[in-house]
Amino acid sequence: MKLPELKIGQLSVKFPIVLGAMGVGVTRSGLASAVTNAGGLGVISGVNLGFGEPDFYQNRLEANLRALKNEIRLAKEKTQNGLIGINFMVAMNNYKEHVAVAVKEGVDFIISGAGLPTELPSMVKGSATKIVPIVSSVKAAQLLAKLWDRNHQVAPDAVVIEGVLAGGHLGFSKEDILENNFDPKTVIQGVKNALKPYEEKYARKIPVIFAGGVFDGKDIAEMLSYGADGVQMATRFVATEECDADDAFKQAYVASTEEDVEIIISPVGMPGRALNNSLIKRIAEGRRPKIERCVNCLATCNPATTPYCISQALVSSVTGDLESGLIFAGANVYKVNEITTVPKLMETLVSEAEIAYNGHQ
(Lines give C-alpha, C1' and ligand atoms only; values in the text may rest on other atoms or scores of the structure.)
Protein backbone atom coordinates (compact mmCIF):
# COMPACT_ATOMS: atom_id res chain seq x y z
CA MET A 1 0.00 0.00 0.00
CA LYS A 2 1.30 3.44 -0.94
CA LEU A 3 1.78 6.31 1.48
CA PRO A 4 -1.25 8.63 1.59
CA GLU A 5 -1.04 12.06 0.03
CA LEU A 6 -0.93 15.07 2.32
CA LYS A 7 -4.04 17.07 1.49
CA ILE A 8 -4.33 20.62 2.82
CA GLY A 9 -7.54 22.20 1.62
CA GLN A 10 -7.68 21.78 -2.14
CA LEU A 11 -3.90 21.31 -2.40
CA SER A 12 -2.23 17.90 -2.48
CA VAL A 13 1.36 16.90 -1.74
CA LYS A 14 2.26 13.52 -3.30
CA PHE A 15 4.17 12.25 -0.26
CA PRO A 16 3.30 13.33 3.32
CA ILE A 17 6.78 14.81 3.84
CA VAL A 18 7.31 18.52 4.52
CA LEU A 19 10.77 20.09 4.51
CA GLY A 20 11.48 21.72 7.86
CA ALA A 21 12.78 25.24 7.25
CA MET A 22 16.29 25.91 8.55
CA GLY A 23 17.73 29.38 8.85
CA VAL A 24 19.63 31.44 8.26
CA GLY A 25 19.88 30.40 4.62
CA VAL A 26 20.12 26.61 4.96
CA THR A 27 16.79 26.07 3.18
CA ARG A 28 16.42 28.45 0.29
CA SER A 29 15.04 27.93 -3.21
CA GLY A 30 17.59 25.22 -4.09
CA LEU A 31 16.62 22.72 -1.40
CA ALA A 32 12.96 23.73 -1.26
CA SER A 33 12.44 23.28 -5.00
CA ALA A 34 14.28 19.93 -4.98
CA VAL A 35 11.99 18.59 -2.24
CA THR A 36 8.86 19.75 -4.06
CA ASN A 37 10.10 18.25 -7.33
CA ALA A 38 10.73 14.95 -5.53
CA GLY A 39 7.12 14.80 -4.31
CA GLY A 40 7.32 16.48 -0.90
CA LEU A 41 6.54 20.05 0.16
CA GLY A 42 9.54 22.36 -0.09
CA VAL A 43 9.72 25.15 2.48
CA ILE A 44 12.08 28.15 2.49
CA SER A 45 13.34 29.67 5.75
CA GLY A 46 12.27 33.32 5.69
CA VAL A 47 14.68 34.60 8.35
CA ASN A 48 17.33 37.10 7.17
CA LEU A 49 17.29 35.83 3.60
CA GLY A 50 19.10 38.99 2.52
CA PHE A 51 22.34 38.11 4.31
CA GLY A 52 24.10 37.76 0.95
CA GLU A 53 22.85 41.09 -0.41
CA PRO A 54 25.50 43.86 -0.62
CA ASP A 55 23.36 46.31 1.42
CA PHE A 56 22.28 43.82 4.13
CA TYR A 57 23.95 45.70 6.98
CA GLN A 58 22.84 49.13 5.76
CA ASN A 59 19.28 48.30 4.69
CA ARG A 60 18.38 45.02 6.39
CA LEU A 61 14.63 45.13 5.73
CA GLU A 62 14.95 46.11 2.07
CA ALA A 63 17.66 43.49 1.50
CA ASN A 64 15.62 40.77 3.21
CA LEU A 65 12.42 41.56 1.32
CA ARG A 66 14.28 41.70 -1.99
CA ALA A 67 15.89 38.32 -1.33
CA LEU A 68 12.59 36.88 -0.12
CA LYS A 69 10.92 37.89 -3.36
CA ASN A 70 13.77 36.42 -5.41
CA GLU A 71 13.85 33.10 -3.52
CA ILE A 72 10.10 32.53 -3.88
CA ARG A 73 10.27 33.36 -7.60
CA LEU A 74 13.28 31.06 -8.10
CA ALA A 75 11.56 28.20 -6.26
CA LYS A 76 8.43 28.66 -8.33
CA GLU A 77 10.47 28.68 -11.56
CA LYS A 78 12.45 25.57 -10.60
CA THR A 79 9.27 23.66 -9.73
CA GLN A 80 7.27 24.95 -12.72
CA ASN A 81 4.94 26.68 -10.29
CA GLY A 82 4.81 23.75 -7.87
CA LEU A 83 3.79 24.09 -4.24
CA ILE A 84 6.20 26.10 -2.07
CA GLY A 85 5.97 27.12 1.57
CA ILE A 86 7.86 29.63 3.67
CA ASN A 87 8.55 29.71 7.39
CA PHE A 88 8.52 32.95 9.38
CA MET A 89 9.39 33.20 13.08
CA VAL A 90 6.85 35.24 15.02
CA ALA A 91 9.78 36.62 17.07
CA MET A 92 11.40 38.27 14.03
CA ASN A 93 11.15 42.02 13.49
CA ASN A 94 9.11 43.14 10.45
CA TYR A 95 7.10 39.91 10.52
CA LYS A 96 4.10 41.62 8.91
CA GLU A 97 6.15 43.08 6.04
CA HIS A 98 7.66 39.66 5.27
CA VAL A 99 4.25 38.00 5.24
CA ALA A 100 2.89 40.68 2.89
CA VAL A 101 5.67 40.10 0.34
CA ALA A 102 5.30 36.30 0.51
CA VAL A 103 1.54 36.54 -0.06
CA LYS A 104 2.02 38.97 -2.95
CA GLU A 105 4.50 36.55 -4.54
CA GLY A 106 1.93 33.76 -4.36
CA VAL A 107 3.58 31.50 -1.80
CA ASP A 108 1.30 28.53 -1.13
CA PHE A 109 1.92 28.05 2.60
CA ILE A 110 3.13 30.19 5.48
CA ILE A 111 4.34 28.04 8.37
CA SER A 112 4.94 30.03 11.54
CA GLY A 113 6.27 29.38 15.03
CA ALA A 114 8.76 30.73 17.63
CA GLY A 115 5.77 32.36 19.26
CA LEU A 116 2.05 32.08 18.55
CA PRO A 117 1.08 33.72 15.22
CA THR A 118 -2.15 35.17 16.62
CA GLU A 119 -2.52 37.89 13.94
CA LEU A 120 -1.42 35.87 10.90
CA PRO A 121 -4.98 35.34 9.53
CA SER A 122 -5.52 39.08 9.10
CA MET A 123 -2.26 39.35 7.14
CA VAL A 124 -3.26 36.78 4.50
CA LYS A 125 -6.95 37.69 4.28
CA GLY A 126 -8.30 37.54 0.74
CA SER A 127 -5.36 35.50 -0.57
CA ALA A 128 -5.02 31.83 -1.48
CA THR A 129 -2.06 31.37 0.89
CA LYS A 130 -2.59 28.61 3.48
CA ILE A 131 -1.54 29.30 7.07
CA VAL A 132 0.02 26.63 9.26
CA PRO A 133 0.98 27.42 12.86
CA ILE A 134 3.65 25.46 14.75
CA VAL A 135 2.74 24.33 18.27
CA SER A 136 4.46 22.17 20.86
CA SER A 137 1.48 21.17 22.99
CA VAL A 138 -2.23 20.46 22.97
CA LYS A 139 -2.76 23.58 25.09
CA ALA A 140 -1.06 25.79 22.49
CA ALA A 141 -3.14 24.26 19.68
CA GLN A 142 -6.35 24.82 21.64
CA LEU A 143 -5.45 28.42 22.44
CA LEU A 144 -4.47 29.36 18.90
CA ALA A 145 -7.49 27.69 17.29
CA LYS A 146 -9.75 29.49 19.78
CA LEU A 147 -8.13 32.88 19.12
CA TRP A 148 -8.24 32.50 15.34
CA ASP A 149 -11.88 31.43 15.48
CA ARG A 150 -12.93 34.24 17.82
CA ASN A 151 -10.88 37.09 16.35
CA HIS A 152 -10.62 36.16 12.66
CA GLN A 153 -13.40 33.62 12.02
CA VAL A 154 -10.95 31.13 10.51
CA ALA A 155 -9.29 27.85 11.46
CA PRO A 156 -5.72 26.77 10.67
CA ASP A 157 -5.30 25.12 7.27
CA ALA A 158 -2.99 22.60 8.97
CA VAL A 159 -1.00 22.43 12.22
CA VAL A 160 2.63 21.42 12.74
CA ILE A 161 3.42 19.81 16.10
CA GLU A 162 7.10 20.22 16.93
CA GLY A 163 8.42 17.77 19.52
CA VAL A 164 11.46 17.87 21.79
CA LEU A 165 13.83 16.11 19.36
CA ALA A 166 13.78 18.87 16.74
CA GLY A 167 16.69 21.13 15.87
CA GLY A 168 16.82 24.90 16.22
CA HIS A 169 14.46 26.70 18.55
CA LEU A 170 12.23 24.55 20.76
CA GLY A 171 9.02 25.47 22.55
CA PHE A 172 9.84 23.61 25.75
CA SER A 173 11.70 24.20 28.98
CA LYS A 174 15.31 23.00 29.02
CA GLU A 175 14.33 20.42 31.66
CA ASP A 176 11.55 18.96 29.52
CA ILE A 177 13.95 18.67 26.59
CA LEU A 178 16.69 16.96 28.59
CA GLU A 179 14.22 14.60 30.25
CA ASN A 180 12.29 14.07 26.99
CA ASN A 181 8.95 14.67 28.70
CA PHE A 182 7.01 14.33 25.47
CA ASP A 183 4.95 11.51 24.01
CA PRO A 184 4.28 12.05 20.28
CA LYS A 185 1.28 9.72 20.17
CA THR A 186 -0.48 11.43 23.08
CA VAL A 187 0.18 14.93 21.72
CA ILE A 188 -0.82 14.07 18.14
CA GLN A 189 -4.10 12.56 19.29
CA GLY A 190 -4.68 15.41 21.75
CA VAL A 191 -4.18 18.05 19.08
CA LYS A 192 -6.45 16.19 16.66
CA ASN A 193 -9.19 16.11 19.31
CA ALA A 194 -8.67 19.80 20.07
CA LEU A 195 -9.12 20.67 16.39
CA LYS A 196 -12.28 18.57 15.87
CA PRO A 197 -14.76 21.33 16.86
CA TYR A 198 -13.13 23.67 14.33
CA GLU A 199 -13.14 21.01 11.61
CA GLU A 200 -16.87 20.65 12.19
CA LYS A 201 -17.52 24.40 12.34
CA TYR A 202 -15.56 25.17 9.15
CA ALA A 203 -16.52 21.90 7.42
CA ARG A 204 -13.01 20.84 6.48
CA LYS A 205 -10.20 18.65 7.69
CA ILE A 206 -7.26 20.27 9.51
CA PRO A 207 -4.24 18.03 8.86
CA VAL A 208 -1.73 17.51 11.66
CA ILE A 209 1.97 17.31 10.70
CA PHE A 210 4.50 15.98 13.20
CA ALA A 211 8.08 17.30 13.46
CA GLY A 212 11.04 16.50 15.67
CA GLY A 213 13.17 13.36 15.53
CA VAL A 214 11.67 12.00 12.31
CA PHE A 215 14.73 10.54 10.61
CA ASP A 216 13.78 7.55 8.45
CA GLY A 217 10.84 5.79 6.83
CA LYS A 218 10.12 3.80 9.96
CA ASP A 219 9.71 7.08 11.90
CA ILE A 220 7.39 8.43 9.20
CA ALA A 221 5.19 5.32 9.36
CA GLU A 222 5.13 5.44 13.15
CA MET A 223 3.87 9.04 13.23
CA LEU A 224 1.23 8.25 10.60
CA SER A 225 0.11 5.27 12.70
CA TYR A 226 -0.41 7.66 15.64
CA GLY A 227 -2.81 9.71 13.52
CA ALA A 228 -0.52 12.33 11.97
CA ASP A 229 -1.35 13.25 8.38
CA GLY A 230 2.26 14.02 7.53
CA VAL A 231 5.71 14.65 8.94
CA GLN A 232 8.13 17.55 8.81
CA MET A 233 11.82 16.70 8.35
CA ALA A 234 14.82 19.04 8.36
CA THR A 235 18.06 17.47 9.61
CA ARG A 236 18.03 14.61 7.08
CA PHE A 237 17.83 17.03 4.14
CA VAL A 238 20.93 19.02 5.11
CA ALA A 239 23.24 16.23 3.90
CA THR A 240 22.12 16.57 0.29
CA GLU A 241 23.80 18.10 -2.74
CA GLU A 242 20.83 20.44 -3.20
CA CYS A 243 20.96 21.91 0.33
CA ASP A 244 21.75 25.63 0.15
CA ALA A 245 24.33 25.61 2.97
CA ASP A 246 28.11 25.55 2.47
CA ASP A 247 29.64 22.06 2.13
CA ALA A 248 31.46 22.54 5.45
CA PHE A 249 28.07 22.86 7.18
CA LYS A 250 26.89 19.60 5.60
CA GLN A 251 30.11 17.82 6.53
CA ALA A 252 29.65 18.90 10.17
CA TYR A 253 26.44 16.85 10.16
CA VAL A 254 28.17 13.84 8.59
CA ALA A 255 31.06 14.00 11.08
CA SER A 256 28.91 14.55 14.20
CA THR A 257 28.53 12.11 17.08
CA GLU A 258 25.70 11.77 19.58
CA GLU A 259 27.89 13.49 22.18
CA ASP A 260 28.23 16.57 19.94
CA VAL A 261 24.55 17.48 20.27
CA GLU A 262 23.95 20.24 22.85
CA ILE A 263 20.98 22.12 24.28
CA ILE A 264 21.71 25.84 24.34
CA ILE A 265 19.73 28.96 25.24
CA SER A 266 19.25 31.20 22.23
CA PRO A 267 19.03 35.02 22.26
CA VAL A 268 15.45 34.44 21.10
CA GLY A 269 14.88 33.36 24.72
CA MET A 270 14.13 29.75 23.82
CA PRO A 271 16.20 26.58 24.22
CA GLY A 272 17.73 25.30 21.01
CA ARG A 273 19.53 22.18 19.83
CA ALA A 274 22.89 22.59 18.10
CA LEU A 275 26.25 20.90 17.49
CA ASN A 276 28.95 21.66 20.05
CA ASN A 277 31.73 23.86 18.66
CA SER A 278 34.04 26.73 19.58
CA LEU A 279 31.18 29.25 19.79
CA ILE A 280 29.17 27.15 22.24
CA LYS A 281 32.28 26.48 24.35
CA ARG A 282 33.10 30.21 24.53
CA ILE A 283 29.56 31.05 25.57
CA ALA A 284 29.59 28.31 28.23
CA GLU A 285 32.81 29.82 29.62
CA GLY A 286 31.19 33.26 29.80
CA ARG A 287 33.30 34.70 26.98
CA ARG A 288 30.85 36.83 25.03
CA PRO A 289 31.61 36.93 21.29
CA LYS A 290 31.97 40.44 19.93
CA ILE A 291 28.81 41.65 18.19
CA GLU A 292 30.16 43.25 15.04
CA ARG A 293 27.04 44.70 13.47
CA CYS A 294 23.52 44.42 14.88
CA VAL A 295 20.85 44.11 12.20
CA ASN A 296 17.94 44.38 14.65
CA CYS A 297 16.46 41.08 13.48
CA LEU A 298 14.64 39.97 16.65
CA ALA A 299 11.93 41.78 18.56
CA THR A 300 13.10 40.14 21.80
CA CYS A 301 16.85 40.83 21.49
CA ASN A 302 18.80 43.56 23.29
CA PRO A 303 22.31 43.92 21.76
CA ALA A 304 23.65 45.25 25.07
CA THR A 305 22.75 42.12 27.02
CA THR A 306 22.41 39.29 24.50
CA PRO A 307 25.00 36.52 25.02
CA TYR A 308 25.78 36.51 21.29
CA CYS A 309 24.31 37.68 17.99
CA ILE A 310 22.28 34.78 16.63
CA SER A 311 22.06 36.34 13.16
CA GLN A 312 25.84 36.72 12.97
CA ALA A 313 26.32 33.15 14.28
CA LEU A 314 23.88 31.57 11.82
CA VAL A 315 25.23 33.48 8.81
CA SER A 316 28.75 32.36 9.78
CA SER A 317 27.77 28.69 9.90
CA VAL A 318 25.79 28.59 6.66
CA THR A 319 28.68 30.24 4.81
CA GLY A 320 31.18 27.71 6.17
CA ASP A 321 32.72 29.42 9.23
CA LEU A 322 31.91 26.64 11.69
CA GLU A 323 34.13 27.89 14.51
CA SER A 324 32.25 31.15 15.07
CA GLY A 325 28.93 29.88 13.70
CA LEU A 326 25.92 28.26 15.35
CA ILE A 327 25.10 24.85 13.84
CA PHE A 328 21.49 24.02 14.62
CA ALA A 329 20.62 20.32 14.22
CA GLY A 330 18.05 17.75 15.30
CA ALA A 331 18.68 15.10 17.96
CA ASN A 332 19.32 12.38 15.34
CA VAL A 333 21.98 14.33 13.41
CA TYR A 334 24.66 11.81 14.44
CA LYS A 335 22.87 9.19 12.30
CA VAL A 336 23.68 11.16 9.14
CA ASN A 337 26.65 9.43 7.50
CA GLU A 338 26.79 10.56 3.88
CA ILE A 339 25.92 13.28 1.39
CA THR A 340 23.22 12.17 -1.04
CA THR A 341 20.72 13.81 -3.39
CA VAL A 342 17.14 14.80 -2.61
CA PRO A 343 15.60 12.39 -5.19
CA LYS A 344 17.62 9.47 -3.77
CA LEU A 345 16.79 10.41 -0.19
CA MET A 346 13.09 10.79 -0.94
CA GLU A 347 13.02 7.46 -2.74
CA THR A 348 14.65 5.78 0.28
CA LEU A 349 12.33 7.46 2.79
CA VAL A 350 9.18 6.58 0.83
CA SER A 351 10.28 2.97 0.26
CA GLU A 352 11.13 2.48 3.96
CA ALA A 353 7.94 4.22 5.05
CA GLU A 354 5.67 2.16 2.79
CA ILE A 355 7.13 -1.12 4.09
CA ALA A 356 6.78 0.01 7.71
CA TYR A 357 3.40 1.70 7.11
CA ASN A 358 1.91 -1.49 5.73
CA GLY A 359 3.12 -3.26 8.88
CA HIS A 360 1.10 -0.79 10.95
CA GLN A 361 -2.11 -1.39 8.97
Query raised in the report: Could you say whether any residue in the range 306-314 is of a type in the set (Gly, Ala, Ser) and either at pLDDT 85 or above or under 16 Å from Gly25 (Cβ atoms) (or both)?
Result: yes
**Report entry** Single unsatisfied condition, Ala114 versus (1) crowded, with 22+ Cβ neighbours inside 10 Å; (2) at negative phi
**Finding:** (2)
Requested in this report: Mind listing just one residue for me: the one in the range 170-188 that is out of contact with any strand residue (DSSP E or B) (no Cβ under 7 Å at 6 or more places or on another chain) and assigned to a helix (DSSP H, G or I) and, of those, farthest from Tyr226 (Cα to Cα)?
Outcome: Glu175
Query - Subset of the range 84-96 (residues that are touching a helix residue (DSSP H, G or I) at 6+ places or on another chain (Cβ under 6 Å) and part of a loop (DSSP other than H, G, I, E, B)) - result: Asn94
Requested in this report: Please list, ordered by first then second residue, the pairs with beta carbon atoms under 7 Å, 6 or more apart or interchain, first in the range 211-233 and closer than 12 Å to Gly163 by Cβ and free of Cβ contacts under 8 Å to residues at least 60 places away in the same chain, second part of a loop (DSSP other than H, G, I, E, B) and of a type in the set (Val, Ile, Thr).
Outcome: Met223/Val214
Query - Restricting the range 274-305 to residues that are polar (S, T, N, Q) and closer than 27 Å to Tyr253 by Cα, the residue that is modelled with the highest pLDDT - result: Asn276
Query - Filtered residues of the range 59-77 (kept if assigned to a helix (DSSP H, G or I) and surrounded by fewer than 19 Cβ atoms within 10 Å (Cβ to Cβ)) - result: Leu61, Glu62, Arg66, Lys69, Asn70, Arg73, Leu74, Glu77
Requested in this report: Report, ordered by the first and then the second residue, all pairs with beta carbons closer than 8 Å, sequence separation of six or more or different chains, a first member in the range 141-161 that is over 14 Å from Lys125 (Cα atoms) and not assigned by TED's automatic domain parsing to the domain that holds Gly171, and a second member that is buried (at least 17 other Cβ atoms within 10 Å of the Cβ) and modelled with pLDDT of 95 or more.
Outcome: none
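Here is a yes/no grid of residues against (1) outside any helix (DSSP H, G or I); (2) charged (D, E, K, R); (3) touching a Gly at 6+ places or on another chain (Cβ under 8 Å); (4) not assigned by TED's automatic domain parsing to the domain that holds Lys14:
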residue: Gly190; (1), (2), (3), (4): no, no, no, no
residue: Pro197; (1), (2), (3), (4): no, no, no, no
residue: Lys205; (1), (2), (3), (4): yes, yes, no, no
residue: Phe210; (1), (2), (3), (4): yes, no, yes, no
residue: Ala221; (1), (2), (3), (4): no, no, yes, no
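Quick check on this structure: which one of Thr27, Thr36 is surrounded by 18 or more Cβ atoms within 10 Å (Cβ to Cβ) and either basic (Lys, Arg) or part of a helix (DSSP H, G or I) (or both)? I'd like the intermediate steps shown before the answer.
Details: Thr27 fails: either basic (Lys, Arg) or part of a helix (DSSP H, G or I) (or both).
After ruling out the rest, the residue left standing is Thr36.
Have a look at Phe56, Phe109, Phe88, Phe51 and point out the one that is over 26 Å from Cys309 (Cβ atoms), of a type in the set (A, V, I, L, M, F, W, C) and buried (at least 19 other Cβ atoms within 10 Å of the Cβ).
After applying the criteria, what remains is Phe109.
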Requested in this report: Output the residues belonging to the range 45-82 that are closer than 24 Å to Ala34 by Cβ and in contact (Cβ under 8 Å) with a residue 60 or more places away in the chain.
Outcome: Val47, Asn48, Phe51
Report summary line: The condition of being of a type in the set (Val, Ile, Thr), within 20 Å of the chain's Cα centre (by Cα), under 25 Å from Gly168 (Cα atoms) and modelled with pLDDT under 95 holds, among Val90, Val107, Val101, only for Val90
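Does the range 124-149 hold any residues that are buried (at least 21 other Cβ atoms within 10 Å of the Cβ) and either assigned to a strand (DSSP E or B) or among the aliphatic types (A, V, I, L, M) (or both), and which are they?
Correct list: Ile131, Val132, Pro133, Ile134, Val135, Ala141, Leu144, Ala145.
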Query raised in the report: On the given criteria, is Ala234 over 27 Å from Ser324 (Cβ atoms), among the aliphatic types (A, V, I, L, M) and buried (at least 22 other Cβ atoms within 10 Å of the Cβ)?
Result: no
Report summary line: Within the range 159-169, of all residues that are closer than 18 Å to Thr186 by Cβ and assigned to a loop (DSSP other than H, G, I, E, B), the one modelled with the highest pLDDT is Gly163
Report summary line: Looking across the range 318-339 at residues that are in contact with a strand residue (DSSP E or B) (Cβ under 8 Å, 6 or more places away or on another chain) and part of a loop (DSSP other than H, G, I, E, B), the single one that is surrounded by the fewest Cβ atoms within 10 Å (Cβ to Cβ) is Ile339
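The values are calculated or read from the model by the stated rules, or taken from the named source; none is laboratory data. Predicted model, so just to flag it, every value in this text is computed and none were measured. Because the Cβ atoms are built from the backbone with ideal geometry, glycine has one as well, and the counts that use them run over all protein chains shown.
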